[in-house]
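Before any comments, here is the structure.
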Amino acid sequence: MAKGLFGGLKGVDAFGKTTEDVKVKTRTGAFLTILSAAIILAFTTMEFLDYRRITIDTSIVVDKSRGEKLTVNLNVTFPRVPCYLLSLDVMDISGELQRDLSHNVLKVRLDEHGVMVPNSFSAELRNDLDKLNDVKKNGYCGSCYGGLEPDNGCCQTCEDVRTAYVNRGWSFTNPEAIEQCKNEGWAEKLRDQKNEGCNISGRIRVNKVIGNINISPGRSFQTNSRNLYELVPYLRDDGSRHDFSHEIHHFAFQGDDEYDYWKAEAGKSMKKRLGIAADPLDNTQGRTSKAQYMFQYFLKVVSTQFRTAEGQTINTHQYSATSFERDLTEGQQGDTPQGIHVQHGVNGIPGVLTVASLLDGILFATTRAIKKSGGSTTGTGFGGKVM
């Protein structure tokens, strides 16, 4: 009965089968069969690979962080500026000023051929052991020669006297008359290093606001709310060539996450995948033959956050750079000394500012059009402000 029931269904079969005797197989049919199978396999493989591929999705959000700091990783070489002459200063619009930074900053002396001078990993002119022995002399209290005395009231070394002069706002012009400098042979050592260069590298912490990083000659001090620079006098008439030609090997802004080795490597991998592994100032060279010459770099820093498929988050930074050079012997010099001056600004809300500026422009143009169409005949058609 069951066979008879299902046998009756054969009448509605829409896919009738032919016997092997009436089938005709051709080469064209075989070619089309192979081609169809290849196409099906290719599309299946492409879909599978696309399914397995990790896509990169980008978006722009407003950076609402406040009170954070940035780490600046730098490595710069000056072929014709001695290490004792270089000063690294940081200042920003919040009022924070860091003068002559030495923490986490390494200065390496270079000879005339750019080769590192052995055992010269700082800008100090004497080793710490010699200075410590001098300071420990019983009953010795060196004079500060009118400079601003430290808390203990004594200037034990030539460097102490020099710092006291700078803090007082005086120029340190005659070290031969200072007892501590004579005993240390300070002037002679300066002259021995006059033809050397310097490599300065390290990490510095700056506020996440608009600021300046200055690598310039001498030590800065502030007087009447203006920054001036105390220059080493021996470089003025020693007959040597000193200029701020330089090569920036590396200059990058880093987030706190990049102190973690694995996060730092993940961030480098993501930057490489996006084609932004190299920073704009890496391997940048500045050349000049003039001593009174200034290099300026203007950087726009953007906070960047990478989120991996594994759920890991890496905070880092990108920046764009433009440069400007100026011969200080032409025109008015002002308070800006020769050297390298890097001005960095953090773009926290670029989208909001862009939309606001567009709306302001539209409203301004609309207001002027309405006034003109209203038959205003007074004046020349210009407002009271120059935009």
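The values are calculated or read from the model by the stated rules, or taken from the named source; none is laboratory data. Owing to the predicted nature of the structure, the values given are computational and were not obtained by experimental measurement. Reconstructed Cβ throughout: ideal geometry from the backbone, glycine too, with neighbour counts over all protein chains shown. Each accessible area value is taken on the protein alone, full model and side chains, heavy atoms only, with ligands, DNA and RNA left out. Shrake-Rupley method; radii C 1.70, N 1.55, O 1.52, S 1.80 Å.
Trypsin sites (Lys or Arg not before Pro), restricted to the range 36-124: which are DSSP loop and have at most 14 other Cβ atoms within 10 Å?
Counting only loop positions with at most 14 other Cβ atoms within 10 Å, the trypsin sites (Lys or Arg not before Pro) in the range 36-124 are 53, 64, 66.
You can think of it this way: the chain between residue 262 and residue 325 has 18.8 nm of extra reach, that is 0.36 nm per residue less the Cα-Cα gap.
Could you order 106, 190 so the one with the most accessible surface comes first? Probe is 1.4 Å.
Sorted by accessible area, descending: 106, 190.
Take the Cα of residue 173, step 7 Å toward its Cβ, do the same at residue 298, and the gap between the two points is 3.7 nm. If you sort 284, 71, 55 by accessible surface, 1.4 Å probe, largest first, the order is 55, 284, 71.
Among 247, 325, 258, 149, the sequence by solvent-accessible area, most first, with a 1.4 Å probe is 149, 325, 247, 258. Once the Cα-Cα distance is subtracted from the 0.36 nm per residue extended length, the residue 289 to residue 189 segment shows a gain of 33.5 nm. A full extension of the chain between residue 250 and residue 24 corresponds to an added length of 74.0 nm, given 0.36 nm per residue minus the alpha carbon distance. In this structure, residue 53 and residue 272 have a Cβ-Cβ separation that, at R0 = 22 Å, corresponds to a calculated FRET efficiency of about 0.85. Applying 1/(1 + (r/R0)^6) with R0 = 35 Å to the Cβ-Cβ distance of residue 75 and residue 143 gives a FRET efficiency near 0.30. In this simple spin-label model, placing a label point 7 Å from the Cα along the Cα-to-Cβ direction at both residue 308 and residue 96 gives a separation of 3.0 nm. The figure for residue 170 is an accessible area of roughly 110 square angstrom, using a 1.4 Å probe on the protein chains alone.
Looking at the P(r) of the range 172-217, how many percent of alpha-carbon pairs lie beyond 15 Å? Every Cα pair in the range 172-217 considered, those over 15 Å come to 65 percent.
With the simple spin-label model, which puts each label point 7 Å out from Cα in the Cβ direction, the residue 32 to residue 365 separation comes to 6.0 nm.
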